[in-house]
Structure formats: structure tokens, C-alpha cells
Amino acid sequence: MADALRIEAVGKTFRNGAVALQDVFLAADAGTFLVLLGPSGSGKTTLLRLVAGIEKVTTGRIVIGENVVAEGSRHLLPERRNLAMVFQDYALWPHLCAAENVAFALRRTGLSAKACREHALEMLDRVGLKGLAVRFPSELSGGEQQRVALARALVGNAGLVLCDEPLSNLDADLRERMRVQISELVRDSGSTAVYITHDQQEAFALADKVGVLEKGRLVQLGSPEEVYSHPASPFVARFTGVATELAVRVGRRAAAGGGVEVELFEPTATRPVSAEAGSALEPGRGALLARPSAVRLCSPYGTEAHVSGKVVDVAFRGRGYELTVELPSGSRVSGVVSAERAARGGRVGLALAKAGCVVYATDEREVEAEPSGVEAETSDPLQEPAALRQVALTGDR
Ligand code: ADP
Ligand code: MG
């Protein structure tokens, strides 16, 4: 399938010297959803504005369909790029009613005013706003305004639809309904979508492909399943919902992507944990990042548990409970699912599944930055942390 969009070695430095993007490569297949995920300031909006033609690239090139739309001094104007945008703040014309806002997108098509209006009404009907066509934006709720904006983006059958955090101003329940609607309508239209968000759940729910941006660089690109199961760095893991990080000892060298057995620096640890090496590992200290789905509650006394700890929080989640368990070192494991309400302060065992546990080499700077005290006892990664073991065991009873 042809790429609907290709971004090659694109960089953007603003006139004040701010480097917003560096060396970004991306491609989106026609008719698919590419979701760009990243924290605030990571360059998401800048990238979308470069694709739209609202900003000029500093380096690299952008190809939409067969057309090179940006490269060097070449810069095709936004209206020549066959794309439509949906913004976080809707960006509707306040002096035009809903139907006129949608019809406005067809003004250059050569259709008669009557035909434009008919198409606009049809599109408003499809987004569920049939009766509200004559209302002005100020007479519509946030969700309704965003549906007008969506109708406006889809009515012209643009090949490429760019969405900049379209749901972030909406309430949680409406956000989920709108997400489903956007997905359905854009996919039905056959358009390719580039959708940006800082919300990992939204990204995973929508995407055919997820790109993760960190400080202006694309640090991972893959299917939601790939990014979820094999995050390329601790940053990606943390940003896509890993809440648990535990210090471990790596016994043997391991290649990135391979299996590795590690020991937890916890006095209650009973056996090694199998995990995936997220980066190339040398013997020594590492960081184990575990997704909630990898952690299972079990008896602290049987052979199943890798480690045991104390329940410090019990959150009722409707389908069950989510526990936060504190290990003797003070590290916490959160999002542990339990069918029953557990007692705060109770002792529980945790079993860690290999799928969802990734080990990274510990960044030396992070080790140095760690407070002295408990960590100082274990500064030799290959030495048994015996002192720590005793302190914690007595303190835990
Ligand atoms: P995001 O959408 O991921 O929050 P942005 O693309 O808006 O991030 O911003 C990326 C970086 O570029 C930020 O550091 C931001 O301050 C900077 N930036 C964005 N627009 C401009 C601009 N017009 N002039 C200077 N710096 C900018
Ligand atoms: Mg932004």
C-alpha cells in the first residue's frame, strides 16, 4: 500500500533558536490512523503544523501522497495540500452557524451554494447533529462544537485528516464516546489520520501505529501492541503506563530484546524474575519496569510469589480492586488487580510474569543521583544486600 504521508529527516528550529524537532522519520499507510504520543512540549503540535503547512520545515522533507509538499525552499500552501484539521479548541467561525461552518470547507470546490449546504447538512447528520445545524458555536456544547469541527474536516473528503488533541477539552465520558465516533467516521471516509495526544490510553485505543515523541525526537514507532510490549526506553515505558520500577541485579550479559533473569533488591524476594532485556545489559545494576498486567496477586507464603510486601492502598475500580503494595525497600508496585477487597497493611505475595516486565540498564547518572543511606548499602551490585534484608524483615513484621 502506498504511504499517504512520509516525513523524512524533518527538523524544526524556531527563529528564537528553540529546537522543536530533530531528524524525524515517519510514514503512514493510506486509510490508517497514525497517533503521535508525547508529553507537553515534545513537538507534537509543531510536527502537525509542518505537515499542514502552517510552519515551514528547517530540514528534511514531507511527502503527501505523491506530492513533495515541503523540502528546502519548496513549501506548498496549506490549502494546496488536500488535508483538513481538527483542533483542540475547535476553531469554528463564531459568526457562522454550524451548517455554514461545515459548508465553508467546500467553498473552493466549485459546488453551488445549495449543494454545499446539502453536503454540510448530510455531514452534520452523520456526526449526530441533525437538529442543530442552524445553531451558532456559542449555542453549542463543547462536544457538539467538536462534532461540527469533525464534520467540517470530513465533508471535503480530504485525503489526510490532522487532529491536534481534539478530545482534551471534553469531559471523560464524552471523550470516550467522541473517540469511538472519530475513529468510525474517519475510517469510513477512507482518509488517513494523523492524530496527536498526550493520553496513552487514547493513543492505544485509536492507533494502527503509534509514534512516541520525546524532546523533539521520535523515540519509537510501532503498533500499539509492539510499543506496549516492547517499549524502546524507560521513557516510553513510563509514558505508556508503567507505574512500577524496581531496582534489580543483572547476573549475566543480555542482548536487547532477549530474555534475562534478574534478582530483585528486596529482602522478601524469593527467586529470580524472568524479564525481557529492553536494552543491552551488562552484569550489575538494572531497572525492572513492570506493567500492571504483569503483576499477579498470590499468597506470600507459597512458591508462586517472587516477592512479598504490604498493602498500602486499596482502590475500588468497579470491576475489582487495585492495590498498591509496598516492598521492604520502600519501592511500590501499583495497579495490582484483586477480585476482593484486601486489608490495608496486610501482607501479600506478588508473582511477576515475563510478558510486561522489561529490564533496562540503569542510567549511571540516576544511580549517582540516588540518596545515600539504604542505597549505599547496596552500592556494589554483586554483593548480597544482607544488611538491608535484616533491617527490612524486622521492620516489616
Ligand atoms: P506539544 O504540542 O508536544 O506540546 P509543541 O510542538 O507545541 O509541543 O512545542 C515543542 C517545542 O517548541 C516547545 O519547547 C515549544 O516551546 C517550542 N515552540 C513551539 N512553537 C514555537 C514558536 N512559535 N516559537 C518558538 N518556540 C516554539
Ligand atoms: Mg500541542
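The values are calculated or read from the model by the stated rules, or taken from the named source; none is laboratory data. Because the structure is a prediction, the values reported are computed rather than measured. Please note: Cβ atoms are built from the backbone with ideal geometry, for glycine as well, and neighbour counts cover all protein chains shown. We work out accessible area using only protein heavy atoms, side chains counted, and drop any ligands, DNA or RNA first. Shrake-Rupley method; radii C 1.70, N 1.55, O 1.52, S 1.80 Å.
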Across region 4-18, which residue is farthest from the chain's Cα centre (by Cα) among those that are within 16 Å of ligand 2 (Cβ to nearest atom) and surrounded by fewer than 21 Cβ atoms within 10 Å (Cβ to Cβ)?
-> F14
Of all residues in region 144-174, how many are at pLDDT 90 or above, more than 17 Å from S189 (Cα to Cα) and out of contact with any strand residue (DSSP E or B) (no Cβ under 9 Å at 6 or more places or on another chain)?
-> 2
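Would you mind finding the one in G286, G258 that is within 24 Å of V219 (Cα to Cα), of a type outside the set (D, E, K, R) and free of Cβ contacts under 8 Å to residues at least 24 places away in the same chain?
Working: G286 fails: free of Cβ contacts under 8 Å to residues at least 24 places away in the same chain.
Exactly one residue qualifies, and that residue is G258.
Suppose the filter is at pLDDT 95 or above and either closer than 30 Å to A120 by Cβ or within 15 Å of ligand 2 (Cβ to nearest atom) (or both); does R49 pass it? Working first, answer last.
Values: at pLDDT 95 or above: yes; either closer than 30 Å to A120 by Cβ or within 15 Å of ligand 2 (Cβ to nearest atom) (or both): yes.
Here the answer is yes, as R49 does meet what is asked.
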Region 225-250, residues that are without any contact (Cβ under 8 Å) to a residue 40 or more places away in the chain and crowded, with 18+ Cβ neighbours inside 10 Å = V227, V236
Cβ pairs under 8 Å, 6+ apart, first in region 177-195 and among the β-branched types (V, I, T), second open to solvent by 40 Å² or more (accessible area, probe 1.4 Å) | T192/D29; T192/A30
Assess whether V180 counts as being more than 19 Å from L50 (Cα to Cα), surrounded by fewer than 20 Cβ atoms within 10 Å (Cβ to Cβ) and β-branched (V, I, T).
-> yes
Within region 289-311, residues open to solvent by less than 40 Å² (accessible area, probe 1.4 Å) and among the hydrophobic types (A, V, I, L, M, F, W, C) come out as L289, A290, A294, V295, C298, A305, V307, V311
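Taking the stated definitions as given, is K44 under 25 Å from the mean Cα position of the chain (by Cα) and under 19 Å from V161 (Cα atoms)? Walk me through it before giving the result.
Values: under 25 Å from the mean Cα position of the chain (by Cα): yes; under 19 Å from V161 (Cα atoms): yes.
Judged against the criteria, K44 is a match.
Here's a check for you: in region 129-154, which residue that is of a type in the set (A, V, I, L, M, F, W, C) and open to solvent by 20 Å² or more (accessible area, probe 1.4 Å) is nearest to F87 (Cα to Cα)?
The initial filter retains those residues of region 129-154 that are of a type in the set (A, V, I, L, M, F, W, C), namely 129, 132-134, 136, 140, 148-151, 153-154.
Next, only the ones that are open to solvent by 20 Å² or more (accessible area, probe 1.4 Å) stay: 132, 134, 136.
Values: L132: 21, V134: 22, F136: 18 Å.
The selected residue is F136.
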Any pair with Cβ under 7 angstrom, 6 or more apart, that starts in region 123-152 at a residue that is without any contact (Cβ under 8 Å) to a residue 12 or more places away in the chain and ends at one that is surrounded by fewer than 21 Cβ atoms within 10 Å (Cβ to Cβ) and not β-branched (V, I, T) = none
Sort out which residues of region 203-220 are open to solvent by 10 Å² or more (accessible area, probe 1.4 Å), part of a strand (DSSP E or B), of a type outside the set (S, T, N, Q) and within 16 Å of ligand 1 (Cβ to nearest atom), and write them in order of number.
-> E214, R217, L218, V219
Considering residues that are open to solvent by 10 Å² or more (accessible area, probe 1.4 Å) and within 13 Å of V86 (Cα to Cα), the number found within region 159-177 is 4
What number goes with the only condition from (1) open to solvent by 50 Å² or more (accessible area, probe 1.4 Å); (2) free of Cβ contacts under 8 Å to residues at least 60 places away in the same chain; (3) over 16 Å from S331 (Cα atoms) that E263 does not pass?
-> (3)
What is the one condition in (1) away from ligand 1 (no atom under 16 Å from the Cβ); (2) open to solvent by 10 Å² or more (accessible area, probe 1.4 Å); (3) under 28 Å from V337 (Cβ atoms) that P283 does not satisfy?
-> (3)
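Just give me the residues in region 21-45 being within 12 Å of ligand 1 (Cβ to nearest atom) and open to solvent by 20 Å² or more (accessible area, probe 1.4 Å), in sequence order. Before the answer, list the steps.
First, pick out the residues of region 21-45 that are within 12 Å of ligand 1 (Cβ to nearest atom): 21-22, 24, 36-45.
Within region 21-45, Q22, P39, S40, G41, T45 meet the criteria.
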Residue ID - nearest to ligand 2 (Cβ to nearest atom), chosen from residues in region 52-70 that are farther than 17 Å from F14 by Cβ and buried (at least 16 other Cβ atoms within 10 Å of the Cβ) = I62
